[in-house]
1. Those residues that are assigned to a loop (DSSP other than H, G, I, E, B) and at pLDDT below 90, I need them from region 113-126; list them, please.
2. Checking the structure you have, find out if any residue of region 196-214 is more than 23 Å from LYS128 (Cα to Cα), among the aliphatic types (A, V, I, L, M), free of Cβ contacts under 8 Å to residues at least 60 places away in the same chain and part of a helix (DSSP H, G or I).
3. In region 199-223, what count of residues is obtained for those that are open to solvent by 10 Å² or more (accessible area, probe 1.4 Å) and among the aliphatic types (A, V, I, L, M)?
4. Inside region 128-157, can you point out the residues that are open to solvent by 40 Å² or more (accessible area, probe 1.4 Å) and in contact with a Lys or Arg (Cβ under 8 Å, 6 or more places away or on another chain)?
5. For region 178-195, how many residues are surrounded by fewer than 21 Cβ atoms within 10 Å (Cβ to Cβ) and either at pLDDT below 95 or not in a strand (DSSP E or B) (or both)?
6. Can you tell me which residue is surrounded by the most Cβ atoms within 10 Å (Cβ to Cβ) among those in region 166-177 that are touching a residue at least 40 places away in the same chain (Cβ under 8 Å) and not in a loop (DSSP other than H, G, I, E, B)?
7. THR160 fails exactly one of the following numbered conditions: (1) part of a strand (DSSP E or B); (2) open to solvent by less than 20 Å² (accessible area, probe 1.4 Å); (3) at pLDDT 90 or above. What is the number of that condition?
8. Inspect region 76-96 for any residue being open to solvent by less than 60 Å² (accessible area, probe 1.4 Å), more than 30 Å from GLY182 (Cβ to Cβ) and at pLDDT below 80 and give the result as yes or no.
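The values are calculated or read from the model by the stated rules, or taken from the named source; none is laboratory data. Bear in mind that the values here come from a model prediction, so they are computed numbers and not experimental data. With ideal geometry, Cβ positions are generated from the backbone for all residues, glycine too; neighbour counts draw on all protein chains shown. The area values use the complete protein model at the heavy-atom level, side chains included, leaving out ligands, DNA and RNA. Shrake-Rupley method; radii C 1.70, N 1.55, O 1.52, S 1.80 Å.
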Amino acid sequence: MRLRPSAILTSTCLALWALTGCSTPSGSAPAKAQAETPVPTAGDHGVLPSERLADRLLTADDLGPGYAAHPAATAPSPEASVEGCPQLEQLGNTADNPYAMFPNQGKRVFTGPGGTQLTEELYSAPPKDLSAGVGRIMAAMSACPSYQLVTATAVAEVRTQTVPVPRLGDEQWGQVITVTAGGRRTIVQQTVIRDGAVLLVVSGNPAEVTVHGQNALTKATAR
């Protein structure tokens, strides 16, 4: 099953990028701000347009010394193939990027001390839609304890483990992904939190995700 690099594979591709030096996965390009997008009202379930989400992303100053922010990549990345996980393949059959169902989104990538990477993504939609969509995505991502991710330049062995997440927001998901390629191994944690009509996805070094996740949620959900 051929899959375009997308939000479903962001954490895994970040780890593969760290091991092989391949291009950072682009995910889906953040939706462009639309001038006609109205400011949400109570009847909109608190849904935020993309430009408001962009304002709520962390900055390098929020993270502290040694961090630099980079815009999310928009150039196409090489296709990746998932082998050995039918649930993940089925989700890929449903849509190249499952998160694309949420048109309001923002993303920022950081490099930190020692060259580590931290990625923050924000999405907004009616709470019921967010809950159903991300629940389906995370169920697929955690369905297989191991699988392979194959690109034109590398074959990675991927192992996944569900981990507890602090009880923040309305719903939480956590996963640690261990990627081995070319005799090297790296570990990426992904924390996903839904708070009302806002969905936060933070991926990267487990220690950095733990330290910065709550600050990211606080800024993302500031009233």
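1. THR116
2. Looking through region 196-214, at least one residue is more than 23 Å from LYS128 (Cα to Cα), among the aliphatic types (A, V, I, L, M), free of Cβ contacts under 8 Å to residues at least 60 places away in the same chain and part of a helix (DSSP H, G or I).
3. 4
4. Residues satisfying the conditions are PRO145, SER146.
5. 8
6. ILE177
7. Exception for THR160: condition (2).
8. yes
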